[in-house]
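K.L.:
I am attaching a structure below and will ask some questions about it afterwards.
Nothing in this text is a laboratory measurement; each read-out follows from the coordinates by a stated rule. All values reported here derive from a predicted model rather than from experimental measurement.
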Amino acid sequence: MKNLGDDTLQVVVFRVASESYAIPVQDVESIIRHTEVTAVPESPYEVRGVIDIRGRLISIYDLRRRFGLMELEDEATANVLVLRAEVSEIGLMVDSVSEVATVSVSDSQPAPAEATVANDFLLGVIHHDDALVMLLDVPRLLGIEDQFVAAAAAAEPVHSGELVDSVV
């Protein structure tokens, strides 16, 4: 597994289609319920558009589109993970968010070469609640590595349950 450091890691666990994924909690600013997305002409296919959260415009990336999957039938059930980024506000549209969990890095494995998501986007596979969860490298997945460097370094540790933002 690439550069995970400590023995434990806090992650946000979520679903896209039938699979479970996770991202390091330090990359997440908040979790909101899906809201109406305003399309932006000539955006890349995986960018659904923008939303306004308390006066901030946030670009929404649809992970179903990014992974080449069918669109979610009922977007009202979706969640948006608002990410910490330096240059622009970014949100990931996912089917649902399960939890904020602490996982053991020693129970993780490198991503298999045959993984459906390109290996460059996976930090590895973690064992959580008797299931395998793919740990995503979000900056690489979205091609925005530079935006996360300073934001992740400045992030304070977060304890389970502190991320959920029920305002929206």
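K.L.:
Measuring from centroid to centroid over Cα atoms, what is the spacing of the stretch 65-112 and the stretch 3-57 in Å?
P.N.:
Their Cα centres are 5 Å away from one another.
K.L.:
What is the P(r) of the stretch 1-105, as percent of Cα-Cα pairs per 5 Å bin from 0?
P.N.:
That works out to 2, 12, 23, 23, 20, 12, 6, 3, 0, in percent per bin.
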